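Below: one structure, written as structure tokens.
All of the numbers you see were taken from the coordinates with simple rules; none came from a lab. Here the structure is a predicted model, which means the values were calculated and not measured. So basically every Cβ, Gly included, is an ideal-geometry build from the backbone, and we count neighbours across all protein chains shown.
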Amino acid sequence: MAFTERLARLRKARALTQKDLAAQVSLNQAQIHRYEKGAAEPSMSALKRLARALGVTTDGLIFEERARGPDDKLRLRFAAVAQFGPEEKKAAKDLLDALILKRQARRWTGTC
């Protein structure tokens, strides 16, 4: 679902008109209409105010569900790691850190 659709859905779920939402976030109703139609994109400041007024995070407003998290296979693995003891968790963290550093080094040297 696109930002435009998410904004309209969240607004309607809270029984707010475009005018109501605009008043809450110190914008003009026409600007909310442009956001929902995709004719304009909000500034960072406007995004923060919209998210607050709609009771969501800015990530929740901007990104599709799970767009910023790991895929399902990794999510299951992270859930399994959460059950590890402290030493095993540290080993898993150290391994991930090493893989991340290796990937970053490849990107810096242009060998990825």
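Under the combined filter of DSSP loop state and at most 13 neighbouring Cβ atoms within 10 Å, region 41-112 retains these chymotrypsin sites (Phe, Trp or Tyr not before Pro): F84. For region 10-112, the set of GluC sites (Glu not before Pro) satisfying both a DSSP loop assignment and a count of at most 14 other C-beta atoms within 10 Å is given as E64, E65.
For region 3-62, the relative contact order comes to 36 percent (Cα pairs under 8 Å, sequence separation of at least 6). With the simple model of a label 7 Å out from the Cα in the direction of the Cβ, Q31 to Q104 spans 3.7 nm.
Only helical runs count toward this figure. For the chain, summing -39,500 (n - 2.57) over DSSP H runs of n ≥ 4 and dividing by all residues gives -21000 deg cm²/dmol at 222 nm.
Across all Cα pairs in the chain, the calculated P(r) in 5 Å bins from zero up to the longest distance comes to 2, 10, 15, 15, 9, 8, 10, 11, 9, 7, 2, 0 percent per bin. To test your reading of the geometry: what angle, between 0 and 90 degrees and rounded to tens, separates the Cα axis of helix 44-54 from the longest principal axis of the chain? Tilt of helix 44-54: around 80 degrees. Between 0 and 90 degrees, the angle of helix 3-13 with respect to the longest Cα principal axis of the chain falls at about 60 degrees. Pairs exceeding a 25 Å alpha-carbon distance, out of K48/K90; K73/K93; K12/K73: K48/K90; K12/K73. Using only Cα coordinates, the Kirkwood hydrodynamic radius of region 3-62 works out to 11.0 Å.
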